[in-house]
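K.L.:
Please find one structure pasted underneath; my questions will follow.
Each value in this text was obtained by applying a stated rule to the coordinates, not by laboratory testing. The structure displayed is predicted, hence computed values, not measured ones. Heads up, the Cβs are rebuilt from the backbone with ideal geometry, glycines too, and the neighbour counts pull from every protein chain shown.
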Amino acid sequence: MKICIIGAGAAGCFCSILLKRKLPEAVVEVFEAGKRPLAKVAITGGGRCNLTNSFRQIKQLKQAYPRGEQLMKRALLHWSQEDTMDWFEGEGVRLVTQEDECVFPVSQDAMQIVRTLLRCMQEEGVILHNSHRINDIKPEQEGYSVSFADENMKARHFDKVVCAMGGLPTMERFSLFRHLSGLTIAKPVPSLFTFCIKDSSLTSLMGCVVESVTASIAGTKMRAEGALLITHWGVSGPAILRLSSYAARYLAEHNYQAQLCINWLNAQGEQEALSQLHGFQQESTRRQVANEYPRQFSAKLWHHLLTRAHIDLQKRWNELSQRDMNRLCAVLTSDVYQIESKGQYKEEFVTCGGIDLACINISTLEARQHPGLYFAGELLDVDGITGGFNLQAAWSMAAVVAKNFG
Ligand SMILES: Cc1cc2nc3c(=O)[nH]c(=O)nc-3n(C[C@H](O)[C@H](O)[C@H](O)COP(=O)(O)OP(=O)(O)OC[C@H]3O[C@@H](n4cnc5c(N)ncnc54)[C@H](O)[C@@H]3O)c2cc1C
C-alpha cells in the first residue's frame, strides 16, 4: 500500500510512525511544504513544548475544546494523554508534569520532541520530502493523485492520503481540495490571542498580574477564569487567551471590537464582594483605603480600581459611604473595557475553523464521500485552549487515523 501524508507537523509525523509500525510493508511518504519538518513543534511552549497535560483541571471537554468536543471525546478514548506520555517516555523522553498539570520534557527543550519523532520516522523507514508543497488532490478510480506546487514535479498516485497540513489561515489555502466534492470549510479565524485596549490608565499598569479573575465578553455568556496579565497594549494571560478561544468566531464577526468585562474578584457575586468590602471596612476603619486592600491586588492596580470607582485615595475606610461601597463593588465585579483589536502576541496561536466535521466520520477521521482520504490535526475544525490541548489533539487524531488503516 502506498500512503501519502501531507504535512510534516505534529499530526503528520506521528501518524507516519504509527502507520509504519502497524503496516511495515506499506510505503509511507510525508510531504512537507517547508524546508524543515516539525518547525512549529520546535517553537511550542516557548521552546519547551507543552506536549499534553493531565486534564484533571477541566471539568467538561467543551471547556478544553470549544470546537470539536465530540470528535475529541472519541479520539481521547482511543489515544489519551496517558498514552501520549507513555509513548514519549517509551521513546526515551523523560517528562515532567507541572503544578498546573501541563506536561513538558524534563529537558525543557522542544527540540527533544522533534528529534525523537524524526528518529522514529527514520528507524521505521518513513520517506520524508521537505520543500514539497502539495497543491491538488484528485480522486481517481482507485486512490488519489497528488500534484505539487512545483510544476516541474510529476503528479504521484497513492492508495490512501492523510491530510495533516495544520491550521490554514485563509480560505484560499483550502483550494487544494477543489477537486474533492462534498468537503466544506468552516471559515478559518484566529484563536488564542490577546486583546488591545487603548486605555492608558490600564496599560500604564503593565506587568501587573492578578492570579484569578473571570473575564467575559459583555452581552454574551462567554467567560473564562484564570490569571490575567496587564501588558503595554492591553491584557493577556491564561484567562484572556481562553476567552479569545471561546469567543474566536464572535470576535472575528465583530471585527475584534467588543466590551471586555473583568470580575477582579473572580466570579464572586456582588453580595459576596460587598460583604468582603464591609469586612475590610470593619477591620481597617481608620486606615486609608489606598493602603488596605485585598491581597490579590498590587497597590498600583488597587489605586486604579479606586479611581475608576471615583473614590478619593485619601479617604479612610470608615469614611466610605454606602454609595462609595456600591460603586467600588461594581468596579471589582464588573469592570468594563473596550477591546479595540486583536493583540499581536504570538506565544501560542491556533486556527479556529477548517475542514467541517460534518464532512468526515468523526470516529475514523475518513472523508464521508472519499474513502481512503483522512484528516488529522488542526486542519480540521478542532482547536483547544492553551495548556497542551492542541498537541494532544494532534497526537490523538493521528492515532485514530493509524488505527483505521488496515
Ligand atoms: C508559537 C506556538 C506555540 C504553541 N505552543 C503549543 C504548546 O505548547 N502546546 C500545544 O498543545 N500546542 C501549542 N501550539 C499549537 C500546536 O503547535 C498546533 O496545534 C499543532 O502543531 C498542530 O499540529 P498539526 O500537525 O495539525 O499542524 P502543524 O504542526 O502546523 O503542521 C502542519 C504542517 O503541514 C505543512 N503544510 C501545510 N500545507 C502544506 C501543503 N500544501 N503541502 C505540504 N505541507 C503542507 C506545514 O508547513 C506544517 O509543517 C502552539 C502554536 C504556536 C504557533
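K.L.:
Order of 350-360, 109-119, 146-156 by packing, highest average Cβ count within 10 Å first?
P.N.:
Final packing ranking: 350-360, 109-119, 146-156.
K.L.:
Which lysines does LYS22 reach when only Cα atoms under 19 Å apart count, and residues fewer than 8 places away in its own chain are ignored?
P.N.:
Of all the lysines, those that pass the test against LYS22 - Cα under 19 Å, at least 8 places apart if same chain - are LYS2, LYS160, LYS403.
K.L.:
Further question on the same structure: Enumerate the amide H contacts of ILE5 below 5 Å, restricted to partners 5 or more residues apart or on another chain; note that Pro and chain-start residues carry no placed amide H.
P.N.:
Amide H neighbours of ILE5: GLU29, VAL30, PHE31, VAL162.
K.L.:
Which order do the peptides 186-198, 212-224 take when ranked by the mean count of other beta-carbon atoms within 10 Å per residue, highest first?
P.N.:
Ranking, from highest mean packing down: 186-198, 212-224.
K.L.:
At what distance in nm do the modelled label points of ALA358 and GLU292 sit from each other, each positioned 7 Å from its Cα along Cα→Cβ?
P.N.:
The two pseudo-label positions are separated by 6.1 nm.
K.L.:
Going by C-beta contacts inside 10 Å, put LEU19, LEU391 in order with the fewest on the left.
P.N.:
Least crowded to most crowded, the residues run LEU19, LEU391.
K.L.:
What spacing in nm lies between the two simple spin-label points modelled at GLN122 and THR184, each 7 Å away from Cα in the Cβ direction?
P.N.:
Output for this residue pair reads 4.6 nm.
K.L.:
If you don't mind, another one. R0 = 41 Å: FRET efficiency of GLN314 with GLU99, Cβ-based, nearest 0.05?
P.N.:
That pair, GLN314 with GLU99, gives E of 0.50.
K.L.:
Let me ask something else about it. Mind listing the long-range amide H neighbours of PHE193? Cut-off is under 5 Å, sequence gap 5 or more, other chains count too, H placed in the peptide plane at 1.01 Å from N.
P.N.:
Correct list: SER244, SER245.
K.L.:
Based solely on its DSSP helices, what 222 nm [θ] is calculated for the chain when runs of n ≥ 4 H residues each add -39,500 (n - 2.57) and the sum is averaged over all residues, nearest 500 deg cm²/dmol?
P.N.:
Using -39500 (n - 2.57) per qualifying helix, the result is -9000 deg cm²/dmol.
K.L.:
Checking understanding here: applying a Kyte-Doolittle mean of at least -1.0 and a length along the axis of at least 15 Å (C-alpha), which whole DSSP H helices in the chain pass?
P.N.:
Span-like helices in the chain: 10-22, 110-124, 322-333, 389-404.
K.L.:
On a C-alpha basis, how far is the centre of region 313-327 from the centre of region 159-211 in Å? Whole number, if you could?
P.N.:
If we compute the Cα centre of each part, the gap is 45 Å.
K.L.:
Beyond 26 Å between alpha-carbons counts as too far, so tell me which of LYS35/LYS154; LYS187/LYS221; LYS40/LYS221; LYS40/LYS187 fall in that bin.
P.N.:
Result: LYS40/LYS221 exceed 26 Å.
K.L.:
Amide H to amide H, which residues 5 or more places from GLY234 or on other chains are under 5 Å from it, using H placed in the peptide plane?
P.N.:
Residues meeting the amide H criterion: ILE197.
K.L.:
Could I ask something else about it? Enumerate the calculated ³J(HN,Hα) couplings along region 173-187 in order (Karplus 6.51 cos²θ - 1.76 cosθ + 1.60, θ = phi - 60°), each rounded to whole Hz, writing x wherever the residue is Gly or Pro.
P.N.:
5, 8, 5, 5, 9, 4, 8, 10, 5, x, 9, 10, 10, 7, 3
K.L.:
While we're on this one: Roughly what would the spin-label model give for ASN135 and GLN60, points 7 Å off Cα along C-beta, in nm?
P.N.:
Here the modelled spin labels are 4.5 nm apart.
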